[in-house]
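The values are calculated or read from the model by the stated rules, or taken from the named source; none is laboratory data. What you see is a predicted model, and the numbers here were worked out from it, not measured in a lab. Quick reminder, even Gly has a Cβ in these numbers, built from the backbone with ideal geometry, and neighbours come from all protein chains shown. Side chains included, ligands, DNA and RNA excluded: accessible areas come from the protein's heavy atoms. Shrake-Rupley method; radii C 1.70, N 1.55, O 1.52, S 1.80 Å.
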Amino acid sequence: MVDFLNDILEVIYPNYCACCHASVSESETPICIQCRSSLPILITKPFSNNRQLEQKFEGLLPLKHCISFLKFEKGGSTQRLLHALKYNKRPEIGVVLGKLLSAEIKNAQSDIHFDLVLPIPLHSKKLKVRGYNQAMKFAEGIADGLNSESSDEVLIRTKATETQTKKGRLQRILNVSEVFGVSPLNEDKLMGKDILLVDDVVTTGSTMEACAKLLISKPIKSLSIATIAFAS
Ligand SMILES: [Zn+2]
């Protein structure tokens, strides 16, 4: 019930911190300074790959960097931010988290560079309801912070998929790999580039894997992945 009331408050009064729900000035929205300073950040200095994320794809994908920004805990600030980003029509949370991540990356290792930041495409039905792809907002923030480009017109959804919950891992991979494609109009944008593929969270990893395999089949220079959250 409290969550439900908070959700309503956030939609009506967007100048609430999406994390602690305190009223904040417009310059502090969507995350207040106190909440920003206590985010459960997973980036290490000097920079090293998130080992648990890396292990998910070991032997499956040749990945340069595996980055997870925040630790996910049930009832914690990361969960509250993700919830507001996805369900309370607060796309700016994704942009801010992308900018905060890029600052952490630069601080940890100044020479990390990406040419193009690509979000996992959102299912068209969800895009219609939500109005935006939360992974694209995260991509925009990262690209802005790292002086690179982002695009949601390179990786695309090609056909709808049935529910995946009752299927095994292999079937899930096959099932999702059918629904993603690289837009023929924008395929040349990948040529010789350092690509960063991003999503809000990785659960089974099958969606990330399907998109990554598509990208690796193109003449890119390197592929890295980043997620807003990681649940260990
Ligand atoms: Zn706060």
* Checking GLU187 against (1) touching a strand residue (DSSP E or B) at 6+ places or on another chain (Cβ under 8 Å); (2) modelled with pLDDT of 95 or more; (3) more than 30 Å from GLU28 (Cα to Cα), which single condition isn't satisfied? -> (1)
* Structure fact -> The number of residues in segment 20-29 that are surrounded by 14 or more Cβ atoms within 10 Å (Cβ to Cβ) and of a type outside the set (Ser, Thr, Tyr) is 4
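A quick yes/no check of all residues on (1) assigned to a loop (DSSP other than H, G, I, E, B); (2) away from the ligand (no atom under 14 Å from the Cβ); (3) open to solvent by 30 Å² or more (accessible area, probe 1.4 Å):
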| residue | (1), (2), (3) |
| --- | --- |
| ALA18 | yes, no, no |
| ILE31 | yes, no, no |
| GLN52 | no, yes, yes |
| GLU73 | yes, yes, yes |
| ALA84 | no, no, no |
| VAL117 | no, yes, no |
| LYS125 | no, yes, yes |
* Structure fact -> Of the residues in segment 72-117, those that are hydroxyl-bearing (Ser, Thr, Tyr) and at pLDDT 95 or above come to SER77, THR78, SER102
* Is it true that some residue in segment 93-113 is in a strand (DSSP E or B), in contact (Cβ under 8 Å) with a residue 40 or more places away in the chain, closer than 16 Å to PHE138 by Cα and not hydroxyl-bearing (Ser, Thr, Tyr)? -> no
* To do: Return yes or no: is PHE69 more than 16 Å from the ligand (Cβ to nearest atom), modelled with pLDDT of 95 or more and assigned to a loop (DSSP other than H, G, I, E, B)?
  => no
* Structure fact -> Scanning segment 75-116 for residues that are farther than 28 Å from GLU26 by Cα and either not polar (S, T, N, Q) or not assigned by TED's automatic domain parsing to the domain that holds THR158 (or both) gives ALA108, ASP111, ILE112, HIS113, PHE114, ASP115, LEU116
* On the given criteria, is GLU149 at pLDDT 95 or above, open to solvent by 30 Å² or more (accessible area, probe 1.4 Å) and under 19 Å from GLY98 (Cα atoms)? -> yes
